[in-house]
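The values are calculated or read from the model by the stated rules, or taken from the named source; none is laboratory data. Keep in mind it's a predicted model, so treat the numbers as computed, not measured. Positions of Cβ are backbone-derived with ideal geometry, glycine not excepted, and every protein chain shown enters the neighbour counts. For accessibility, only protein heavy atoms count, side chains too; no ligands or nucleic acids. Shrake-Rupley method; radii C 1.70, N 1.55, O 1.52, S 1.80 Å.
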Amino acid sequence: MNEERAVLVGAGETRHMAELGRLANTLGIEVTAVVEQGRRDGSGYLGRGKREELRELVREVEARFVIADDELTASQARVLEKACGVSVVDRTELIIRIFEAHARDAASRLEVELADLEYRLPRVKGKNPELSRLGGGGVTTRGPGEQQLEYDRRVIRERMATINRKLEEEKSGRAVRGTRLKEGGPPTVALVGYTNAGKTTILNALSGAGRSTKDRLFETLETTTRLVRGSGTHEGNGAARPDIVVTDTVGFIRKLPTQLVHSFASTLESARDADVKVLCADASSEELEEEISTVRQTLSETFAGQNGSAAGTTILCLNKIDLLSEGRIQELRRRFTDAVLISALAGCEALLEEIYTAIASERERMSVLIPHAEYAAASHLYGLAEIHAQRTTPTGVWMDVSLPRSASARYATYRIPHNTSPVRTELQEP
Ligand SMILES: Nc1nc2c(ncn2[C@@H]2O[C@H](COP(=O)(O)OP(=O)(O)OP(=O)(O)O)[C@@H](O)[C@H]2O)c(=O)[nH]1
Ligand SMILES: [Mg+2]
């Protein structure tokens with residue numbers, strides 16, 4: 001099996017070789033050695049001395065690839081390749097290949113292809129045929145003569161334009177479906193977090209869905225949405241729970257390739273608009289805090305400039321506590337006082353409890369009287385609020401509603417004191 005062996009190289013102050021190793025494993029590559037250096041060399045990523053060390057090592061362990069922990073420039077890759085005598089793959093290409101292997105629907109395939117083309121354009125080498133074979137990708141490389149490269153660049157740009165057009169079309173279709181789903185629908189919850197945190201496991205536990213969960217990075221690329229029934233999940237202590245819609249999303253990673261940011265943004269659209277975001281983290285990770293901040297930062301960057309980024313409440317959920325000692329659990333409780341600690345394998349009831357509390361506090365209950373002439377304002381409420389009761393009166397439509405706080409200011413002009421309602425007509429259960 002030594003044809004899939006690799007040596008990992010990392011240069012610079014912050015290196016994450018264990019994570020890089022897991023990324024490589026995800027594509028079936030076996031890591032046989034690691035070379036690290038505290039300073040990054042501008043021309044060859046590793047300094048001259050280290051490059052020589054690498055050459056020896058590659059020969060010794062019979063590696064087929066060298067994988068770098070950062071994105072390399074075309075010339076850095078060439079220098080390194082020449083020095084070590086085998087094919088060099090950088091972190092960006094590795095992640096793109098994983099996305100390519102895991103993309104299941106048409107839109108995510110297009111997004112990944114676009115990221116791949118964007119990555120290749122300044123490099124115009126073919127895809128690495130060895131790596132494509134492992135990841136299941138199709139296109140192979142061609143021998144590059146100058147004319148061939150010019151031609152390749154043009155083909156790449158044309159293909160990028162075509163994909164962008166297709167994605168635009170797809171996006172407008174999705175926007176229409178999205179509004180339909182949201183209008184008058186149940187409250188929405190999005191599971192976001194670092195890759196491998198256990199998001200899909202949590203979704204499965206909440207909804208009984210059977211989505212694939214694996215101990216691999218980027219197992220999930222597409223968002224999956226499931227209805228979690230309110231009734232039946234909660235027995236005994238009174239308060240009825242509404243249904244909620246829960247969405248599982250693509251995982252984040254540090255040093256996310258910029259070529260994939262667009263793909264993330266469109267996959268995360270449903271998360272942006274969710275009433276509640278659950279930020280899931282692997283409590284057993286040695287880099288828990290950094291992973292949480294990577295997620296927070298990626299979320300804010302991904303949604304920068306788009307409205308709605310600040311909408312909703314965020315719950316921090318520390319998962320996999322079954323892997324921790326009691327002492328460590330206590331320590332985490334002290335450090336993250338607002339977090340919910342769970343083991344998704346054992347059950348998500350504590351998380352569900354927090355979600356319902358967040359949903360309730362997200363909404364403000366009020367009575368409004370909307371004049372008949374302003375029918376549009378009333379009909380807009382159907383898509384926005386939970387309506388407890390309504391009645392048509394001679395002056396307008398009276399409603400008793402729970403509104404998201406973000407929208408309550410807009411309805412302030414219609415607001416009337418809560419107890420001056422006309423005779424209450426409770427709505428039938430929908
Ligand atoms: N011990 C333990 N393992 C868990 C727990 N929750 C999830 N896992 C495991 O962690 C791994 C990753 O779980 P997933 O649910 O696929 O993680 P994810 O966040 O959806 O990962 P991506 O889709 O790759 O972003 C799987 O092997 C799960 O079985 C938990 O509470 N305890
Ligand atoms: Mg997943």
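In Å², and per residue, what accessible area does region 251-290 have when probed at 1.4 Å with the other protein chains present? Intermediate values should be presented prior to the final figure.
Values: 1250 Å² over 40 residues.
Value for region 251-290: 31 Å² per residue.
Evaluate the distance, in nm, between pseudo-label points positioned 7 Å from the Cα of residue 121 and of residue 346 along their respective Cα→Cβ axes.
5.0 nm
Using the Karplus equation 6.51 cos²θ - 1.76 cosθ + 1.60 (θ = phi - 60°), what ³J(HN,Hα) coupling, rounded to whole Hz, does each residue of region 314-328 give in order, writing x for Gly and Pro?
Values, residue by residue: 10, 9, 8, 10, 8, 9, 6, 6, 4, 8, 10, 6, 4, x, 5 Hz.
Please report, as a whole percent, how much of the solvent-accessible surface of region 264-353 comes from carbon and sulfur atoms (probe radius 1.4 Å). All intermediate terms of the calculation are to be shown ahead of the outcome.
Values: 1970 of 4200 Å².
Ligands and nucleic acids excluded, carbon and sulfur give 47 percent.
At 1.4 Å probe radius, can you tell me the per residue accessible area of region 5-96 in Å²?
Here the residues of region 5-96 average 42 Å² of exposed surface.
For residue 166, which aspartates and glutamates qualify as cross-link partners when the Cα separation must be under 17 Å and same-chain residues fewer than eight apart are set aside?
Result set, ordered by chain and number: 105, 111, 113, 116, 118, 158.
With a cut-off of at most 13 other beta carbons within 10 Å, and DSSP calling the residue loop, which GluC sites (Glu not before Pro) in region 1-103 qualify? Please list them. If you can, show how the numbers build up before the last one.
Working: sites: 3, 4, 13, 19, 30, 36, 52, 53, 56, 60, 62, 71, 81, 93, 100; in loops: 13, 62, 71.
Here the GluC sites (Glu not before Pro) that fit, given the DSSP loop and packing criteria, are 13, 62.
Around residue 193, which amide H atoms from residues at least 5 apart in sequence, or from another chain, sit under 5 Å from its own amide H, with H modelled in the peptide plane?
For residue 193, the qualifying residues are 252, 280.
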